[in-house]
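Encoded as structure tokens, the structure appears first; notes follow it.
Computed from the coordinates by the stated procedures, all read-outs in this text should not be read as laboratory data. Just so it is clear, the structure is predicted and the values come from calculations on it, not from any experiment. Don't worry about glycine lacking a Cβ; one is built from the backbone with ideal geometry, like all the others, and counts go over all protein chains shown.
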Amino acid sequence: MAISIVMPALEMAQETGKLVKWYKQEGDAVAKGDLLMAVETDKAVVEIEADGNGILSNVRAKQDDVVTVGQVIAWLLAPGEAPPADAATPVSGRQATGPAAVQTASAQADRPAKPSGAGAERELLSPKARRLAAELAKAAGQAPAAAAASQAASEAPGQIWRIMAERVTASWTTMPHIFLTRDVDATALVASRQRLARSAQEAGHEKITHTDQLVALLAGVLKTHRRLNASWVDQGIRYHDDVNVGLATAVEQGLVVPVIHGADRLSIGDIARRRREVVDRAQAGRLQPADIQHGTITISNLGMYGIDAFTAIINAPQAAILAIGRIGDRVVARDGQPVVCPQLTITLACDHRVVDGARAAEFLRDFVAAIESCHL
């Protein structure tokens, strides 16, 4: 029986996907579970496995095509089986409807090569752009064509970066953010990590990081602060049963957020193992669909870059994100005396439609208390 291969929907509100690579070629035998293709979304490049067995046939999308979610792009057929009747008409992913950025990317990809020469450059610029170029050239003592070429130069980011830009813009402009900041005594956190590191080394287990500790502590605190583990959906608050903590991760193509699912049910060792697995896959461009789905809250940690404090944009449709700064020795007052101790700064951003200032403050108070009395 013929099995259709469609452009998958890998996340909420996804309208299109970009076909990055076929791992199988037309005519190849495919077994269920084989890596079939890689698809680029706004968050990651995700590898897709085959749902069944068959011969890869009637491939209708090629590398770099942008295809509407649900569109059939190939078939798995039994030997000698004919494709369905509607499979004869090829579909160009570059004609797919979707977000404006995707449409622009497709149009640019199909546009003929830019002709060379000053005359051709002038034809490609609007009258306003030509006037601006001439003015700049006059000021800089350049020829108008040279100035125009300089102004026309730009970088074309990949789809992950483009749609990331769309999503953070949508989050910032449609979601009312509130920010709360706390300085935290990290003495207990540092001591706990040292104990865990010794135990892990002796047992040959995964190395524990401060991010792993924060994920574990956050998951525990969220059990009594459900508003932080929720979303604004259909003009109401939707609570999430699972605590799925996303980790904002920088990769070459932009920013991805792999998820540690069920963090409230995992040991610190399991959290560390899961974190290493998903971050390694993210940096290698080999994320699976499940790795980026169903996140309920996000941690963004820039401490390793020497950043003391920052604010982060909420990863919609989640209701909150925690921005974590570096741990460093600071002079603080204790019992009226100056002492030096490790400190870090945490900034919480919340969707004000879901979490008001008082609830956010109560959560941050309890999260800080959990860090300062860390017993992992």
Neighbour-count order for C341, C350, C374, fewest beta carbons within 10 angstrom listed first: C341, C374, C350
Go through 14-24, 266-276 and give me the packing order, highest mean Cβ count within 10 Å leading. 14-24, 266-276
Under 5 Å between amide H atoms, partner at least 5 residues away or on a different chain: which partners does V20 have, H built in plane at 1.01 Å? A38, V39, E40, D64
Return the sequence-ordered ³J(HN,Hα) values of segment 230-245 in whole Hz as given by the Karplus equation 6.51 cos²θ - 1.76 cosθ + 1.60 applied to θ = phi - 60°, using x for Gly and Pro. 8, 9, 8, 9, 6, 6, x, 9, 10, 8, 9, 6, 8, 9, 10, 8
Looking at segment 237-349 only, what percent of DSSP beta bridges run antiparallel? Nearest 5 please. 70
Based on the mean of other beta carbon atoms within 10 Å per residue, what is the order of 73-79, 319-325, 331-337, most packed first? 319-325, 73-79, 331-337
From phi via Karplus (6.51, -1.76, 1.60), per-residue ³J(HN,Hα) for segment 343-350 in Hz, x at Gly/Pro: 10, 9, 10, 10, 10, 9, 10, 10
Farthest positive-ward along segment 1-85 dipole, Cα basis, beta-carbon charges - from S57, A44, I73: S57
Peptides 56-64, 241-249: what's the order by average Cβ count within 10 Å, highest mean first? 241-249, 56-64
Förster radius 51 Å - calculated FRET efficiency between Q201 and A85, Cβ distance, rounded to 0.05: 0.20
